[in-house]
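Asks: Below are the structure tokens for one structure; questions will follow.
The values are calculated or read from the model by the stated rules, or taken from the named source; none is laboratory data. Since we're looking at a predicted model, the values are computed, not measured. Note that we place each Cβ from the backbone using ideal geometry, even for glycine, and neighbour counts take in every protein chain shown.
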Amino acid sequence: MLTLVLLAVAVGWAVWAWRRRTPATGAGASAERHARALRTPLVRIADALGIHTRAGTRAGNFKAAAISEARVGALLDHLTAEGFTVLHDRWLRGKNVDHIVIGPYGDVTVGDTKWWSARRGGLTARAGRLLHGRRDVTDWLDGLHWEAREVSRLLGGVPARKVVFMYGGARLLGPDGTPVAELVVDGVRIVPADQAPAVLRRTARIPGQRTRAELTARAEHVLPAHTGR
């Protein structure tokens, strides 16, 4: 019996190691890869026994992020039939950019998928701060500010809009507590994920400084897919 258990663990470890080394691209690929890396055979055994571990919790968070990014990515991909370029999970100086969307007329949007659960309350903007329930989550936008600056620089100074695609069911609320279509905090638009295509269609009506073809070729060169090799 012990031999069978050890054999099962060994096989599981080998499969885990192989899957860690398998490159993947697309929306949510980096988060999925982190989740797999954290869920070692020992962590899987602990999960099966109902033992909570820090690695298991982090793996669950990455898995949720991977699912939400993949679903938002699928929504954005519908825009390609309308002349948009949609790039997911792009490598940027050791980090990844969730989504880059280049409109038909050359406008650029850097998008970040965020999971904000309805269980913690709604999202509100007050005095320039973003609150999720009672928790101040304004600093969650710092990464997107940095990504937009870097993408703009790498694309030759073309302005890059910043949009958070919100997943998880939390409602967007105005100052009086009533639902609103979107929030804007420090230049970042926060919209429900299912409204992402409509929002990008509206912003794409303004011509950019360069053509979509030029920007797409440049982005493919300086912002390669994050394969994790």
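Asks: Residues to consider are ALA181, ALA170; find the one that is more than 29 Å from ALA24 (Cα to Cα) and crowded, with 19+ Cβ neighbours inside 10 Å.
Replies: Values: ALA181 fails: crowded, with 19+ Cβ neighbours inside 10 Å.
The match here is ALA170.
Asks: Would you pick out the residues in segment 81-98 that are more than 16 Å from the chain's Cα centre (by Cα) and on the phi < 0 side of the Ramachandran plot?
Replies: ALA81, GLU82, PHE84, THR85
Asks: From the list ARG161, ARG129, ARG210, pick out the single residue that is surrounded by fewer than 17 Cβ atoms within 10 Å (Cβ to Cβ) and either closer than 23 Å to ALA70 by Cβ or not acidic (Asp, Glu) (or both).
Replies: Result of the check over ARG161, ARG129, ARG210: ARG129.
Asks: List every residue pair whose Cβ atoms sit under 6 Å apart, with the two residues 6 or more apart in sequence or on different chains, where the first one lies in segment 53-72 and is of a type in the set (Val, Ile, Thr) and the second, anywhere, is modelled with pLDDT under 70 and part of a helix (DSSP H, G or I).
Replies: Final answer for the pair search is THR53/VAL43; THR53/ALA46.
Asks: Within segment 132-158, take every residue that is under 21 Å from ALA66 (Cβ atoms) and among the hydrophobic types (A, V, I, L, M, F, W, C) and give me the one that is farthest from the chain's Cα centre (by Cα).
Replies: That would be VAL137.
Asks: Only one of THR113, THR80 is among the β-branched types (Val, Ile, Thr), within 14 Å of GLU147 (Cβ to Cβ) and modelled with pLDDT of 90 or more. Can you tell me which?
Replies: Going through THR113, THR80 in turn, just one is among the β-branched types (Val, Ile, Thr), within 14 Å of GLU147 (Cβ to Cβ) and modelled with pLDDT of 90 or more: THR113.
Asks: Scan segment 172-180 and give yes if some residue there is at pLDDT below 95 and under 19 Å from ALA64 (Cβ atoms), otherwise no.
Replies: No, there is no match, as no residue in segment 172-180 is at pLDDT below 95 and under 19 Å from ALA64 (Cβ atoms).
Asks: Follow-up question, since we're still on this one. Every residue in segment 105-162 that is hydrophobic (A, V, I, L, M, F, W, C) and at positive phi, please.
Replies: Scanning segment 105-162 gives a single hit, ALA127.
Asks: Can I ask one more? Go through segment 88-111 and give me each residue that's in contact with a helix residue (DSSP H, G or I) (Cβ under 8 Å, 6 or more places away or on another chain) and outside any strand (DSSP E or B).
Replies: At the first step, the residues of segment 88-111 found to be in contact with a helix residue (DSSP H, G or I) (Cβ under 8 Å, 6 or more places away or on another chain) are 88-90, 92-93, 95-111.
Matches in segment 88-111: ARG93, GLY103, PRO104, TYR105, GLY106, ASP107.
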